[in-house]
Amino acid sequence: MSVPGSRSRVTTRDARPADLPAVLALVRQHRAEAHAEGVLTGQTPGAAAAAGFRRLLADPAHRVVLAVLPGPNAPDGAGGGGELAVGLAVLGTDPLSVVLGVPQVTVDNLVVHRDHRRCGAGAALLAAAAAHAAQVGAAHVVAAVGGHEAERQRFFARMGFAPLTTRRIVPRETLARTLAAWQRSGGTVPLQRRPPLRRRPPARLVPLLDAAAEG
């Protein structure tokens, strides 16, 4: 699938089991840029990753879409072994929106390779999301993006996305400790301890301190 009215050579297709290395490379980049914990290593994908990827591809509730460019070895600009995967998006349907009768398509982990940005890959992936929304009868497309990911925020804003909600994350062990403390305190969540702030000397004393240090 290509973007209507676009001169970009980027097209999209559903991922296949053989795309696992390319998918993991894009996910690894996405997590590193998002400063996510537990960034995937650069090692060869193991059996667990391959099995998990196959389960995701077989899950009817999700679609893994790749943005690809025809490589130098691709015959007549076609796909196949000469393709270069330059982007990724995982499409799904929000379950609560289905219950409410207003299904929404979700776009998770949308990432474009840093060396192939501004060539239409992101727009091609969103075009695939829009087409998928039309197929499932969804009136809205919802994208997940970190609040500190300025470049990704600007991209979605240019595409017409408006702020919707704030997502928070917590390590399982931290949540378990907080819940245990909540139960012990009878339902009052204790405040998280923060390191004491270091007070800076008044501005008028800074030159004196500098002079003393130089002496």
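What is the sum of charges around ARG13, taking Lys and Arg as +1, Asp and Glu as -1, for the other residues whose C-beta is under 12 Å from the C-beta of ARG13?
Details: positive: ARG16, ARG63; negative: ASP14, ASP19, GLU83.
Value of the local net charge: -1.
Here the peptides 163-176, 96-109, 50-63, 19-32 are ranked by packing, the mean other Cβ count within 10 Å, and the order with the highest first is 19-32, 96-109, 50-63, 163-176. Using the Karplus relation 6.51 cos²θ - 1.76 cosθ + 1.60 with θ = phi - 60°, the per-residue 3J(HN,Hα) values for region 172-184 come to 4, 5, 5, 4, 4, 5, 5, 5, 5, 5, 4, 5, 5 Hz, with x marking Gly and Pro. How would region 100-154 be classified by its alpha-carbon gyration tensor: rounded, prolate or oblate, with rounded meaning a/c under 1.5 and the a/b versus b/c comparison settling the rest? Cα axes put region 100-154 in the oblate bin. Taking amide hydrogens as placed 1.01 Å from N in the peptide plane, the amide H of ALA15 sits under 5 Å from those of VAL64, VAL65, LEU66, each at least 5 positions away in sequence or on another chain. Each residue of region 125-136 is assigned a 3J(HN,Hα), and the resulting list reads 5, 5, 5, 5, 5, 5, 5, 5, 4, 5, 5, 9 Hz, derived from the Karplus form 6.51 cos²θ - 1.76 cosθ + 1.60 (θ = phi - 60°), x at Gly and Pro.
Read the figures in this text as sums done on the coordinates, not as results from a lab. Predicted model only: the values in this text are computed from it and were never measured. Every residue, glycine among them, receives a Cβ derived from its backbone with ideal geometry; neighbour counts consider all protein chains shown.
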